[in-house]
Amino acid sequence: MSLPDRPFAAVLFDMDGTLVDSTAAIARSWTSWCVEHGVTAEALAAAGGHGRPAAEIVRDLVGAERAEEAAARITELEVADVHDVVQLPGVPRLLAEVPAGRWAVVTSCGRSLADARRRAAGLPEPAALVTYDDVSRGKPDPECFVLGARRLGVDPADCLVVEDAPAGLAAARAAGCATLAVRTTHPTGPLEADAVVELLSHVRASADGSGVRVRVLAPGERADV
């Protein structure tokens, strides 16, 4: 597997598990939410949540009648718990290498949670931000990545999506984007993407005319964080 050898008009990054490590905060918040709402850990795991919008997971777990209030509660818990959310290895360097105006964040979070986690991790301001509040259907539907490309003024087919979750990768493929998977939250098992890396410290980017080239380091190359 390898990335297409061409410049991309833009790079569209997922956030949680791709740019930031929010795993511990997510676990704490969902554990509290499950206790409050009588949902077992087994039921939560069966919902296949990572990469999907919280509101859709909640609806699957508690039903449509309780969904609105229950979704508001998980948002409240997650926005309040961001103290140990940090950028993942390689992220600061990679974002500095992508030309300004050529990258966006496309996340399944709502706007308030996306802003809270971006601030906590110290992520730079993206040229565009797409959250669950901006779309009618969450990942694996491609709407979010189509919108992200549109907000940058480019064609989705000319974009690279960087994701950690199967739902996000499926959305990216459906949007016609090239895909790069990072194994932060899925260290084993298949991830269907053009290329797969352990960490973004194994990736380099550079300006190329009006776009950006992205390269996966060969095994013998140094991978600085």
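To test your reading of the geometry: what angle, between 0 and 90 degrees and rounded to tens, separates the Cα axis of helix 23-37 from the longest principal axis of the chain?
The two axes meet at around 20 degrees.
With a 1.4 Å probe and all protein chains left in place, how much of the accessible area of the range 22-174 comes from carbon and sulfur atoms, in whole percent?
Values: 3560 of 6730 Å².
That share works out to 53 percent.
Let me know the whole percent of all Cα-Cα pairs from the range 1-56 that are separated by more than 14 Å. Kindly include the intermediate steps, with their values, before the conclusion.
On the way: 1056 of 1540 pairs.
The proportion of pairs with Cα distances above 14 Å equals 69 percent.
Can you sort His83, His202 by solvent-accessible area, 1.4 Å probe, largest first? Don't skip to the end; give the middle numbers.
Numbers: His83 150, His202 60 Å².
Largest accessible area first, the list is His83, His202.
I'd like the orientation of helix 143-152 relative to the chain: the angle between its Cα long axis and the longest Cα principal axis, in ° from 0 to 90, rounded to 10.
Orientation of helix 143-152: about 50 degrees from the principal axis.
For Val58, what is the net charge nearby, where nearby means another residue's Cβ is under 13 Å from its Cβ and Lys, Arg count +1, Asp, Glu -1? Could you put the intermediate results ahead of the total?
Numbers: positive: Arg52, Arg59, Arg66, Arg73; negative: Glu36, Glu56, Asp60, Glu65, Glu68, Glu69, Glu76, Glu78.
Value of the local net charge: -4.
In the chain, what percentage of the DSSP-assigned beta bridges are antiparallel, given to the nearest 5?
Details: 9 of 27 bridges.
Beta bridges within the chain, antiparallel portion: roughly 35 percent.
Could you list the trypsin sites (Lys or Arg not before Pro) in the range 120-224 that lie in coil according to DSSP, counting only those with at most 15 other Cβ atoms within 10 Å of their Cβ?
Working: sites: Arg137, Arg150, Arg151, Arg173, Arg183, Arg204, Arg213, Arg215, Arg222; in loops: Arg137, Arg183, Arg222.
Taking the range 120-224 and a limit of 15 other Cβ atoms within 10 Å, the loop trypsin sites (Lys or Arg not before Pro) found are Arg137, Arg183, Arg222.
Accessible area per residue for the range 124-164 in Å², computed with a 1.4 Å probe and the full protein assembly in place, what is it?
Values: 1620 Å² over 41 residues.
Heavy-atom SASA per residue in the range 124-164 reads 40 Å².
Please give the residues of the range 160-177, grouped as numeric ranges, whose backbone N is less than 19 Å from a label point set 7 Å along the Cα-to-Cβ vector of Arg6.
From the range 160-177, the list is 160-162, 172-177.
Would you please give the FRET efficiency between Glu198 and Ala64, computed as 1/(1 + (r/R0)^6) with r the Cβ-Cβ distance and R0 = 45 Å, to the nearest 0.05? Don't skip to the end; give the middle numbers.
Numbers: r = 40 Å, r/R0 = 0.88.
The formula returns an efficiency of 0.70 here.
For Val212, what is the net charge nearby, where nearby means another residue's Cβ is under 11 Å from its Cβ and Lys, Arg count +1, Asp, Glu -1?
Details: positive: Arg6, Arg102, Arg204, Arg213, Arg215; negative: Glu97, Asp158, Asp208.
Local charge sum for Val212: +2.
Taking every DSSP beta bridge that has both residues in the range 101-215, what percent is antiparallel when rounded to the nearest 5?
35 percent
Provide the FRET efficiency to the nearest 0.05 for the Glu97-Cys34 pair, computing r from the beta carbons and using R0 = 45 Å. The partial results should precede the final answer.
Working: r = 40 Å, r/R0 = 0.88.
Result of the calculation: an efficiency of 0.70.
Which of rounded, prolate, oblate describes the range 124-225, given a ≥ b ≥ c as roots of the alpha-carbon gyration tensor eigenvalues and a/c under 1.5 marking rounded, otherwise prolate only if a/b is larger than b/c?
Values: a/c = 1.97, a/b = 1.30, b/c = 1.52.
Because a/c hits 1.5 or more and a/b fails to exceed b/c, the range 124-225 counts as oblate.
The values are calculated or read from the model by the stated rules, or taken from the named source; none is laboratory data. Source: prediction; values computed, not measured. Cβ coordinates were reconstructed from backbone atoms using ideal geometry, including for glycine residues, and neighbour counts include every protein chain displayed. Remember, those area values only see protein heavy atoms, side chains included, never the ligands or the DNA or RNA. Shrake-Rupley method; radii C 1.70, N 1.55, O 1.52, S 1.80 Å.
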